[in-house]
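K.L.:
Please see the structure below; I have some questions.
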2 protein chains.
Amino acid sequence: MIIDCHGHYTTAPKALQAFRDAQLAQIKEGKNNHIAHPVISDDEIRESLEGAQLKFQRERGTDVTIFSPRASAMAHHIGDESVSLAWSEVCNDLIARVCGLYPKNFVGVCQLPQSPGVPPSHSARELERCVNDLGFIGCNLNPDPSGGNWTSPPLTDRHWYPLYEKMVELEAPGMVHVSASCNPNFHATGAHYINADTTAFMQFIQGDLFKDFPTLKLVIPHGGGAVPFHWGRYRGLAQDMKRPLLEDMMKNNVFFDTCVYHRPGIELLLKVAPIDNILFGSEMVGAVRGIDPNTGHYYDDTKRYLDALDLGAETRAKLFEGNARRTYPRLAAKLKAH
Amino acid sequence: MIIDCHGHYTTAPKALQAFRDAQLAQIKEGKNNHIAHPVISDDEIRESLEGAQLKFQRERGTDVTIFSPRASAMAHHIGDESVSLAWSEVCNDLIARVCGLYPKNFVGVCQLPQSPGVPPSHSARELERCVNDLGFIGCNLNPDPSGGNWTSPPLTDRHWYPLYEKMVELEAPGMVHVSASCNPNFHATGAHYINADTTAFMQFIQGDLFKDFPTLKLVIPHGGGAVPFHWGRYRGLAQDMKRPLLEDMMKNNVFFDTCVYHRPGIELLLKVAPIDNILFGSEMVGAVRGIDPNTGHYYDDTKRYLDALDLGAETRAKLFEGNARRTYPRLAAKLKAH
């Protein structure tokens, strides 16, 4: 079985964006009235997926995608807590419908109703709803709900602990994933995403988060940001700071995906990061939509880069399935059910 | 000849820090009086270098280091413009003395008196002094003088143009180098530095800076941040955005150094980035001071990683000398003089 740990619903029917547009219009007008939830038919959902994520699953030979709302659209910095909650509920409900229509192809991960300056504990209830009522297996955790101004404390700060407690209680891992950037310095997918990945990893080196939460699992997407390329730098920094070895810090808690869109990058990732901590992921249909003229294949067809390597059966099994099952305790039951 | 394009005076005599401490004390007290420049003897300077940078030059077999004040200590976010100017002058004067004492070993690059919210044009005069009076060949350009709050416009914004005009006029390239972080999210050398490198590169993809300044040369240190690891991502983003090919954008304007502290990272860098745009650099004695227990050698001995590769004479000549000479037009005259 091939599990893609990183997919977003980037092709959602237009009614979803219409709901968001209504929210944005209300914010502009200083209003905060209830907005009717978008009406989307099953056929519209099927249509949005059949020519995109499902087509690529078939073509690339992957089985199931751990699927969450469009990351760049979470935009926690827009509006207040109530806006973020309403938007999160609508997005998560739609993911639940996707998973209901295609239970073999998609397993849900939720967007949290984070908001700048609002305690992360306020996201616990929506996480609970998504896991207990909608059958989701994890969440996306935005380390910077301000959207590029980085006004929250580091992920190792006690500020985040109440949410971690709920994640641990629910056995719901988090993918550390920022959203759109409202800081003109940071292109969202070209700078802010990768910076956040790098930033989170360094915070984990500095802090003692996993002493306090030995069963908390966090996935750093996009191949771990800059970390594998600078593996020697991070090993050396940890050593100078008398912190644990990187592999010991990561062991049961920190994972990278394989969303690295060229073969030399994937090769480096597998060479330096612990194999047990790498989860196959593609983030298709995501940041990079084009076909690489050098290969004739989609940049984000990360399975091809892995298939081209002589990995051996055991490593392949870990990357494509075992590590995802180990990271997401609730995944097995979802897969068994279908 | 082997030219290390990236070294900072991290081992400066204590009197320099005493001057800075006096500045910080005045800021705390709300004062801004003249502080006597630090008194440092030639012997103190020699002593600070003989056991460190010069020892490593000899041991590692490098000839000359392009040398600038300690990057993390620039801290442009501290105090106002006058504080930044006084600190920059003192730091740059000390680099000039280093270069005077060891003209074969060090060539100067200056710290700019940047300050948050202050037009970059205000740095032009100190750049001019350093190039014309002190014989420096370039500058360090901080894209985020706020120290981790990223309040300046992107490097492609016209905000920066008056300074670029002076850099072009003086033939003085800039190394895009942030300083200390006052944002607790960002560890300076483990997150802020690398993020800034990645951020700058993406800005260059988005903007048309080098159409406006075809002879402006900017070095992105630390191997280009996350960029080489995500080369496919950046190629794909540029393609989706209908922007030039990365190698065309970089061609005469954007360069990476080799401050990547493990062999697989160096191998990746050389595999993906254009060879003409890579400058040998080590940033010794810098972010990572330790010895890698896996190799028994210093992490930052980047020459070792390059020496271990079968590069061929032409590539070696470019990496170790030719590209630095091409990037820094004023370098040749400095090297010829000695």
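The values are calculated or read from the model by the stated rules, or taken from the named source; none is laboratory data. Keep in mind that this is a model prediction, so the values were computed, not measured. Note that each Cβ is placed from the backbone with ideal geometry, even for glycine, and that neighbours are counted across all protein chains shown. Note: accessible area is taken over every heavy atom of the protein model, side chains too, but ligands, DNA and RNA are not part of it. Shrake-Rupley method; radii C 1.70, N 1.55, O 1.52, S 1.80 Å.
K.L.:
Which condition number in (1) of a type outside the set (D, E); (2) closer than 18 Å to A:H77 by Cα; (3) within 14 Å of another protein chain (Cβ to nearest Cβ); (4) not in a loop (DSSP other than H, G, I, E, B) is the one that A:P184 fails?
P.N.:
(4)
K.L.:
While we're here: So is A:S179 in a loop (DSSP other than H, G, I, E, B), of a type in the set (G, A, S) and without any contact (Cβ under 8 Å) to a residue 60 or more places away in the chain or not?
P.N.:
No; evaluated as a whole, the condition is false for this residue.
K.L.:
Here is a follow-up. Test each condition in (1) more than 18 Å from A:P184 (Cα to Cα); (2) surrounded by fewer than 17 Cβ atoms within 10 Å (Cβ to Cβ); (3) in contact with an Asp or Glu (Cβ under 8 Å, 6 or more places away or on another chain) for B:S115 and report the one that comes out false.
P.N.:
(2)
K.L.:
I need the full set of residues from the stretch A:211-247 which are assigned to a loop (DSSP other than H, G, I, E, B) and aromatic (F, W, Y), in order please.
P.N.:
Residues satisfying the conditions are A:F213, A:F229.
K.L.:
Can you pull out the residues in the stretch B:182-199 that are free of Cβ contacts under 8 Å to residues at least 40 places away in the same chain and open to solvent by 30 Å² or more (accessible area, probe 1.4 Å)?
P.N.:
B:P184, B:H187 - these are the residues of the stretch B:182-199 that are free of Cβ contacts under 8 Å to residues at least 40 places away in the same chain and open to solvent by 30 Å² or more (accessible area, probe 1.4 Å).
K.L.:
Now for a separate question. Quick check on A:D301: is it within 14 Å of chain B (Cβ to nearest Cβ), touching a residue at least 24 places away in the same chain (Cβ under 8 Å) and not polar (S, T, N, Q)?
P.N.:
When the stated conditions are applied, A:D301 passes them.
K.L.:
Going by what's in this entry, would A:G281 be described as open to solvent by less than 10 Å² (accessible area, probe 1.4 Å), of a type in the set (G, A, S) and more than 18 Å from the chain's Cα centre (by Cα)?
P.N.:
Judged against the criteria, A:G281 is not a match.
K.L.:
All but one of (1) in contact with a Phe, Trp or Tyr (Cβ under 7 Å, 6 or more places away or on another chain); (2) farther than 25 Å from A:S282 by Cβ; (3) open to solvent by less than 10 Å² (accessible area, probe 1.4 Å) hold for A:S123, so report the exception by its number.
P.N.:
The failed condition is (1).
K.L.:
For the stretch B:1-26, give me the residue count where each residue is hydrophobic (A, V, I, L, M, F, W, C) and either in a loop (DSSP other than H, G, I, E, B) or at pLDDT below 95 (or both).
P.N.:
Qualifying residue count for the region: 3.
K.L.:
I would also like to ask the following. For the subset of the stretch B:210-252 comprising residues that are open to solvent by less than 10 Å² (accessible area, probe 1.4 Å) and more than 22 Å from A:G290 (Cβ to Cβ), which member is farthest from the chain's Cα centre (by Cα)?
P.N.:
So, considering only residues that are open to solvent by less than 10 Å² (accessible area, probe 1.4 Å) and more than 22 Å from A:G290 (Cβ to Cβ), the one farthest from the chain's Cα centre (by Cα) is B:L216.
K.L.:
In a helix (DSSP H, G or I), within 14 Å of chain B (Cβ to nearest Cβ) and more than 19 Å from the chain's Cα centre (by Cα): which single residue out of A:I205, A:I194 fits that description?
P.N.:
Just a single option satisfies the conditions, and that option is A:I205.
K.L.:
Name the single residue that is nearest to the other protein chains (Cβ to nearest Cβ) among those in the stretch B:241-293 being closer than 18 Å to B:Q206 by Cα and polar (S, T, N, Q).
P.N.:
Out of the qualifying residues, it is B:N253.
K.L.:
Sticking with this structure for a sec: Looking for whichever is of a type in the set (D, E) and touching a strand residue (DSSP E or B) at 6+ places or on another chain (Cβ under 8 Å) here; the options are B:D21, B:D4. Which one fits?
P.N.:
Answer to the check: B:D4.
K.L.:
Is there any pair linking a residue in the stretch B:246-263 that is within 15 Å of B:S282 (Cα to Cα) to one that is outside any helix (DSSP H, G or I) and among the acidic types (D, E), with Cβ under 7 Å and at least six apart or on different chains, and which?
P.N.:
From the stretch B:246-263, the pairs are B:C259/B:E283; B:Y261/B:D300.
K.L.:
Suppose we keep only residues that are more than 19 Å from the chain's Cα centre (by Cα) and open to solvent by less than 40 Å² (accessible area, probe 1.4 Å) within the stretch A:81-112. Which one would you say is farthest from A:G61 (Cα to Cα)?
P.N.:
Filtering first and then ranking leaves A:V83.
K.L.:
Separate question: Tell me yes or no: at least one residue of the stretch B:56-77 is touching a Gly at 6+ places or on another chain (Cβ under 8 Å) and open to solvent by 20 Å² or more (accessible area, probe 1.4 Å).
P.N.:
Within the stretch B:56-77, one or more residues are touching a Gly at 6+ places or on another chain (Cβ under 8 Å) and open to solvent by 20 Å² or more (accessible area, probe 1.4 Å).
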